[in-house]
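Read the structure below first, then the notes.
The values are calculated or read from the model by the stated rules, or taken from the named source; none is laboratory data. All figures in this text were calculated on a predicted structure; none of them were measured in a lab. Cβ placement follows ideal geometry from the backbone for every residue including glycine, while neighbour counts extend to all protein chains displayed.
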Amino acid sequence: MNYVLLKRDLFENPEHKGYTGIRDKAGVWTEAEIENYHRKNRYDPSFRDSYALPLDQAPEFTNECYHDLSLDHLRGKVERLQEALTPSGATKAAYIGEFSFDVDDRDEDGDECSRNVVVPWTTVKEIMATIRTRAEMKEAA
């Protein structure tokens, strides 16, 4: 299990170099690395001393995180996700040939064999479009 460290309602940065209110920028430690820290199982913004919290229990932003920093972080995240889900030369270069599956087949002698099929770029684009549509539908709801 991975943990984040909090103190005064801020996450510790990687290598214990400062603090942040943004979970994505926080350091992540293993159970062995946090054995000397007080542990909690839920986020407690009122607890001012250092404590370890399971990563999956940590909020995306602490209450002490500056609002403008959290907005900038979210905007950047949205831009990166939109870029990753928009067909372009960059995404084609990143994804083409990345997805494949095995198909049971027969070779020229009639013997059973397995053949690897690469998912065509047009199918990847259709998947990207479906994900974008689903995200837009959830936002509208």
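In the set 91, 86, which member is surrounded by 15 or more Cβ atoms within 10 Å (Cβ to Cβ), within 30 Å of residue 134 (Cα to Cα), polar (S, T, N, Q) and out of contact with any strand residue (DSSP E or B) (no Cβ under 6 Å at 6 or more places or on another chain)?
When all the criteria are applied, what remains is 91.
So which of 52, 58, 93 is under 30 Å from residue 31 (Cα atoms) and more than 20 Å from the chain's Cα centre (by Cα)?
On inspection, the qualifying residue turns out to be 52.
What pairs can you find where one residue is in the range 85-97 and of a type outside the set (Gly, Ala, Ser) and at pLDDT 90 or above, the other is loosely packed, with under 15 Cβ neighbours inside 10 Å and not in a helix (DSSP H, G or I), and their Cβ atoms are less than 7 Å apart, with a gap of 6+ or different chains?
As it stands, the answer is none, since no pair meets every condition given.
When both residues are 6+ apart or on different chains and their Cβ atoms are under 8 Å apart, which pairs have a first residue that lies in the range 53-64 and is over 10 Å from residue 4 (Cβ atoms), and a second that is in a helix (DSSP H, G or I) and among the acidic types (Asp, Glu)?
Partner pairs satisfying both residue conditions: 60/24.
Every residue, every condition in (1) more than 30 Å from residue 130 (Cβ to Cβ); (2) surrounded by 13 or more Cβ atoms within 10 Å (Cβ to Cβ); (3) in contact with a Pro (Cβ under 9 Å, 6 or more places away or on another chain); (4) not basic (Lys, Arg), yes or no:
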residue: 41; (1), (2), (3), (4): yes, no, yes, yes
residue: 47; (1), (2), (3), (4): yes, yes, no, yes
residue: 53; (1), (2), (3), (4): yes, yes, no, yes
residue: 72; (1), (2), (3), (4): no, no, no, yes
residue: 79; (1), (2), (3), (4): no, no, no, yes
residue: 104; (1), (2), (3), (4): no, no, no, yes
residue: 114; (1), (2), (3), (4): no, no, no, yes
